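Just so it is clear, none of the values below were taken in a lab; they were calculated from the coordinates. In this text, all values refer to a predicted model and were calculated from it rather than measured experimentally. No Cβ is skipped: glycine too gets one built from the backbone with ideal geometry, and neighbour counts run over all protein chains shown.
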Amino acid sequence: MKMETEITVLVKSTYNDLKKELEKNGFQIKEEYELRDDYMINNDIDLSKLSKLEILQNCILVRDIVNIKKELLYKYKKYASNGDILEQGKVECPVTDIDKAVKFMESINYKKIFNVYDKCIVFANRETELVVQLVNNKYIFIEMESECEHIDRKYESAEELMKDLSRYNLPIDNSNYFVKKAELILSETLKI
C-alpha cells in the first residue's frame, strides 16, 4: 500500500475569485484533468448499520482519470476521534475499460452507491503546488499532497502542508484541513 499525506479544504469563494488570488501570489496553471469515481460497495453490507466513514472504508472506487488512466482503487484512512486523518494510503489496480470494470464489480456482488465528478486544476508557484478541485458542479476544494509533480518539493507532514497553505490568506475554511469530499457526496446521495 502506498502511504501519503494530504490536506483538503473547502473554498469559500467562486473559482474565478480564487484564481485571481492565486495569480496575485504567483501561481500559474500547470495541468488540468477530469476525474470520475464510481464508489462501489458489497451488496451484503447493511449501510444503515454503518457510519458514513465506515461506509467509505468499505468502498472500492472505479476511477477514470479521463485520457490519463483507469483503475480500481481502494483508499485506506485512519481517523482521529475528531475526524482528522491520521494515516492514509491507497492500492491501485490498472484497468483498460471503466464499463467492464463496473460490470466486473457488479458480478462479484458490488453495487454503485454514488459518483464523484472532479475537475482538477493544478496550480504552482516556485514554492507551493496545490490542486483546485471543482466537485460535482457544487463544491470547490483545495487539495495539497506531500509529493509535488510540478515543483521540487516534498512536505514531511500535514502540519507543514497547513502552514504553507495558510500563508497565502486564500478564501478557505480554516476550521477543517481534512474535508472528506466523498463523505459530503455520500451524505447527499443517501440522505444521511
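Taking the Cα centre of segment 58-192 as origin and assigning +1 to Lys and Arg Cβ atoms and -1 to Asp and Glu Cβ atoms, the resulting dipole is close to 560 debye.
Each helix, a run of at least 4 DSSP H residues, gives -39500 (n - 2.57); summed and divided by the residues of the chain, these come to -6500 deg cm²/dmol at 222 nm. Inverting the pair-averaged 1/r between distinct Cα atoms of segment 98-166 gives 14.6 Å as its Kirkwood hydrodynamic radius. Evaluated at q = 0.12, 0.19 Å⁻¹, a Debye calculation over the C-alpha positions of segment 43-146 (equal weights, vacuum) places log10 I(q)/I(0) at -0.53, -1.27. Taking the three principal axes of the alpha carbon atoms in the chain, the coordinate ranges are 50, 38, 31 Å, sorted in descending order. Would you list the P(r) distribution for segment 1-67, with all Cα-Cα distances sorted into 5 Å bins from 0 and each bin expressed as a whole %? It works out to 3, 11, 12, 17, 17, 14, 12, 8, 4, 2, 0, in whole percents.
Taking L18, L35, L47 in turn, the Gaussian network model of the chain (Cα-Cα springs below 10 Å) assigns the largest fluctuation to L47. The lysines whose alpha-carbon is closer than 30 Å to the alpha-carbon of K20, local same-chain residues fewer than 8 away aside, are K12, K30, K119, K138, K154, K163, K180, K181.
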